[in-house]
1. Quick one: net charge around Ala84, please, counting Lys, Arg +1 and Asp, Glu -1 for every other residue with C-beta under 13 Å from its C-beta.
2. What's the FRET efficiency of Leu75 with Ala32 using the Cβ-Cβ distance as r and R₀ = 30 Å, to the nearest 0.05?
3. Given a 1.4 angstrom probe, what's the average accessible area per residue across segment 13-70, in square angstrom?
4. Any chance you could look up the accessible area of Glu76 with a 1.4 Å probe, heavy atoms only, rounded to 10 Å²?
Amino acid sequence: MDEPKDRGDRGPMDPTRKLLKVFGVKVTDYEAKTDELLARWPSADERGRAAIQAEALELSADLAHWLREISTHVLERQERVLSALR
């Protein structure tokens, strides 16, 4: 019987997979929540629009945070690999 080929899996606690999972959830939540905000916008009064804008800002800031986390993780990995290959 052939042995299973190594697919590069690093196990369930792999930090890259965990980070990508969190980021994926954040993106899909952002899409769903901002779609709802956009749907509410046309019928909102001034106070409602201010609340929608505040929520959109908060959601966008959270997503930007996780995008920075992903970017930092990838860039640190690239730097580590390229430095090791000098």
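The values are calculated or read from the model by the stated rules, or taken from the named source; none is laboratory data. Not measured: the values here are computed from a predicted model. Every residue, glycine as well, gets a Cβ built from its backbone with ideal geometry; the counts of neighbours run over all protein chains shown. Please note that ligands, DNA and RNA were not included when accessible areas were found on the heavy atoms of the full protein model with its side chains. Shrake-Rupley method; radii C 1.70, N 1.55, O 1.52, S 1.80 Å.
1. Working: positive: Arg77, Arg80, Arg86; negative: Glu76, Glu79.
Summing Lys/Arg as +1 and Asp/Glu as -1 gives +1.
2. Details: r = 29 Å, r/R0 = 0.96.
Efficiency, from the Cβ-Cβ distance: 0.55.
3. Values: 4280 Å² over 58 residues.
Spelled out: the 1.4 Å probe surface of segment 13-70, per residue, equals 74 Å².
4. 100 Å²
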